[in-house]
Amino acid sequence: MASISWQPRPWHLRAGAIAGLVFLAVFGWFVLDLLGSIPSKKELRAFSDMATANILFDAADREVFTIAKEQRIEVPLADISPNLIKAVIAIEDRRFFDHDGFDPIRILGSAIAVVRAGEAVQGGSTITQQLARQSVGREKTLSRKLRELLFAAQLEHHYTKNEILELYLNKVYFGSGLYGAEAAARGYFGKKASELSLGEASLLAGLLKAPSSYDPSQAPQKAESRQAVVLKAMLDCKAITKEQYDAAFKTQIEIYDGLRAEEPYGQYFKEEVRRQLVAQFGHEKVEQGGLKVYTTIDPYMQRAADAAVDQSIAEIEKSLPKRKTPRDPVRLGPGAKRQDLAQGQPLQAALIAIDPDTGAVRAMVGGRDFRTSNFNRATLAKRQPGSAFKPFVYAAAVEDGFGPDDYIEGLDEPVEASNVAWTPDDEHVDEGELTLREGLRLSSNRAAVRLLATIGLRQTMKQARGFGFDDLPAVPSVALGSGEVTLSSITAAYGAFANNGEVFHPHLVRRVVDRDGQVLYENRDTPQQAIRPVTAYLMADMLRGVIDGGTGYGVRQMGFSLPAAGKTGTTNDYKDAWFIGFTPSLVTGVWVGYDQPQTIRRHGYAAELAVPLWTRFMKVATKGMKPVWIERPRGAIRDVRVNPPPVLESKPGFWTRVFGFGR
């Protein structure tokens with residue numbers, strides 16, 4: 001019987017077997033990985049979710065701003081012009097309605113074009129594949145391409161053709177930060193996607209191949225050439241007639257600089273709204289978008305505010321030493337000293353306008369240039385208000401029973417402050433007494449300090465808290481504005497004088513609605529009664545004197561004729577200039593200064609620096625308003641105390657003239 005012995009296979013056979021096993025293993029891993037990349041039903045349903053812009057509406061419910069990580073406004077297919085739909089299908093996928101996700105004919109044609117040209121000159125991807133590519137990535141590998149095909153097939157199975165087209169036209173990138181047809185139509189042409197003409201639609205469709213290369217504002221000739229290719233494709237597939245083709249060619253298209261760039265006004269207002277939305281709803285909610293935010297802004301007033309700040313800063317800088325008028329932000333090294341930063345900084349200004357009856361902010365400017373500094377000096381910067389704080393000392397006195405024609409005596413005598421005799425500097429006192437009305441009109445330092453000493457520091461501070469000033473120093477110099485306030489808080493406080501003594505917290509947002517129509521927030525702030533209505537009326541009457549014949553008389557010299565009241569404020573060494581003034585329907589505060597406090601200019605009084613800014617804005621903002629004034633509150637006679645403290649000597653006149661009885 002023959003014996004059987006084992007003989008090893010030749011080495012090349014063993015190597016082949018090993019290579020085969022490796023190939024099978026790699027192929028199996030590849031197939032499993034590919035199958036694992038097929039989206040689940042849940043993922044396919046979520047595919048239609050996309051980040052969209054939050055739309056901000058003005059006080060009249062008109063769209064004014066958008067806030068978005070991706071500038072996108074989602075709309076249904078019915079709200080997209082048929083011109084754009086036809087143009088996109090003609091140039092991107094003319095057999096869109098005939099294939100199941102990929103087009104073999106288009107792929108073959110693309111391959112032939114590549115062979116002939118020796119480079120990639122024509123894509124073979126369908127609209128569905130382009131849509132799928134947003135989820136599977138763009139790397140140029142075989143596995144990525146296969147995943148794209150599988151994903152496209154799944155999309156075709158899960159969605160209808162119209163749904164795919166709607167998703168595509170809402171997701172696709174049109175350049176300049178614009179995603180989707182609606183944002184692109186608004187950004188390039190200033191109109192809705194439903195209103196696009198054939199010429200505009202063909203121009204947009206041409207951007208899809210290379211948005212940055214064909215940007216009509218940057219490369220108009222290339223954009224026009226690409227538009228011609230789109231129109232020819234539409235004509236070839238009979239999406240348009242020869243007459244429409246010729247007409248579109250002859251039409252001049254105007255490019256609108258809309259959503260593509262930052263809105264040309266109100267950037268500080270918009271940023272403050274965004275900041276508040278993030279604080280209330282979180283970054284994720286805001287970035288996801290779809291919120292409708294109904295704000296309080298008046299675009300007409302906001303443009304007037306932006307222009308007034310720009311013009312006033314330019315005018316002031318003409319009078320300043322050249323070293324203090326840098327046009328560009330100064331960047332100094334980490335070893336720079338505070339005084340170096342101060343001398344290298346640009347002059348700043350801020351403005352806020354509020355409806356005193358509601359607290360609604362109508363306009364806001366937080367600095368000279370949002371692009372170089374988005375720090376909002378209207379809401380965040382705390383500065384000493386100087387004499388702009390004096391009205392609140394006078395209001396405490398009137399609340400305590402004093403009248404505008406009562407006299408403040410002993411102005412030439414020192415005041416006891418922390419056991420030290422103190423006589424503040426005063427350029428407006430020639431005699432030892434002034435009436436409250438005159439003291440406020442002339443902005444007398446001694447009158448304000450003497451009045452505070454008479455009323456009492458504790459009572460004055462209690463009254464100030466009612467206006468919203470919660471963290472002022474309890475020292476006698478507070479009467480001269482030694483505490484720090486924000487422009488928004490002091491302007492809102494002045495609103496009490498125009499609104500029967502009620503103070504509203506200033507707000508920029510009225511209501512927030514999500515994409516499903518659910519109201520997420522609605523402003524329901526209630527005012528705080530800071531002073532009695534009769535006190536508010538008397539204070540408004542006294543503050544009218546500041547504009548009609550006091551430190552704010554520049555308002556009249558510049559031609560503002562409506563009844564108005566207000567107060568200037570200049571701090572030590574002329575570092576800050578303020579003016580807060582109001583009509584019955586609008587209270588506006590302005591500030592001028594440097595971020596690092598320094599003298600603006602020698603003898604830089606608020607009357608010369610802040611009053612012109614306020615007046616420029618108010619002349620435009622109140623244009624067409626009737627010359628009305630605040631009505632005297634009912635029951636004022638019964639509500640007024642007629643016996644002042646003994647420190648003030650009463651001299652008859654005002655009480656008899658206004659309220660019909662004497663003192």
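Looking across the range 550-578, the residues that are open to solvent by less than 40 Å² (accessible area, probe 1.4 Å), of a type outside the set (S, T, Y) and outside any loop (DSSP other than H, G, I, E, B) come down to G554, V555, A565, G566, K567, G569, D576, A577, W578. Inside the range 363-408, residues that are more than 14 Å from the chain's Cα centre (by Cα) and among the polar types (S, T, N, Q) make up a count of 3. Looking only at the range 211-218, decide whether some residue is over 26 Å from A378 (Cα atoms), out of contact with any helix residue (DSSP H, G or I) (no Cβ under 7 Å at 6 or more places or on another chain) and of a type in the set (S, T, Y). Taking every residue of the range 211-218 in turn, at least one turns out to be over 26 Å from A378 (Cα atoms), out of contact with any helix residue (DSSP H, G or I) (no Cβ under 7 Å at 6 or more places or on another chain) and of a type in the set (S, T, Y). Considering the range 56-70, the residues that are within 19 Å of Y179 (Cβ to Cβ) and either open to solvent by less than 20 Å² (accessible area, probe 1.4 Å) or in a loop (DSSP other than H, G, I, E, B) (or both) include one that is modelled with the highest pLDDT, namely L56.
Outside any helix (DSSP H, G or I), polar (S, T, N, Q), surrounded by fewer than 23 Cβ atoms within 10 Å (Cβ to Cβ) and touching a strand residue (DSSP E or B) at 6+ places or on another chain (Cβ under 7 Å) - does that describe any residue in the range 208-228? The answer is yes, given that some residue of the range 208-228 is outside any helix (DSSP H, G or I), polar (S, T, N, Q), surrounded by fewer than 23 Cβ atoms within 10 Å (Cβ to Cβ) and touching a strand residue (DSSP E or B) at 6+ places or on another chain (Cβ under 7 Å). Quick one: is K619 assigned to a loop (DSSP other than H, G, I, E, B), open to solvent by 40 Å² or more (accessible area, probe 1.4 Å) and either touching a strand residue (DSSP E or B) at 6+ places or on another chain (Cβ under 6 Å) or at pLDDT 50 or above (or both)? Judged against the criteria, K619 is not a match. Among the criteria (1) aromatic (F, W, Y); (2) open to solvent by less than 40 Å² (accessible area, probe 1.4 Å); (3) farther than 27 Å from V620 by Cα, the one Y521 does not fulfil is (2). Beta carbons closer than 8 Å, at least 6 apart along the sequence or on distinct chains, pair a first residue in the range 454-478 that is closer than 22 Å to I408 by Cβ and open to solvent by less than 30 Å² (accessible area, probe 1.4 Å) with a second that is in a helix (DSSP H, G or I) and hydroxyl-bearing (S, T, Y) for V478/T460.
Residues of the range 71-97 that are closer than 19 Å to V286 by Cα and open to solvent by 60 Å² or more (accessible area, probe 1.4 Å): E74 alone.
What helices (runs of 4 or more DSSP H) lie completely within the range 241-319 and have 1 or more residues being open to solvent by less than 80 Å² (accessible area, probe 1.4 Å) and closer than 21 Å to R515 by Cβ?
Numbers: elements: 242-250, 267-281, 283-288, 299-317.
Ranges flagged: 267-281, 283-288.
Among residues of the range 479-518 being more than 21 Å from the chain's Cα centre (by Cα) and acidic (D, E), the one that is surrounded by the fewest Cβ atoms within 10 Å (Cβ to Cβ) is D516.
The values are calculated or read from the model by the stated rules, or taken from the named source; none is laboratory data. Predicted, not measured: the structure shown is a model, and the values here were computed from it. Cβ atoms come from the backbone with ideal geometry, glycine included; neighbour counts cover every protein chain shown. Note: areas computed on protein heavy atoms with side chains; ligands, DNA, RNA excluded. Shrake-Rupley method; radii C 1.70, N 1.55, O 1.52, S 1.80 Å.
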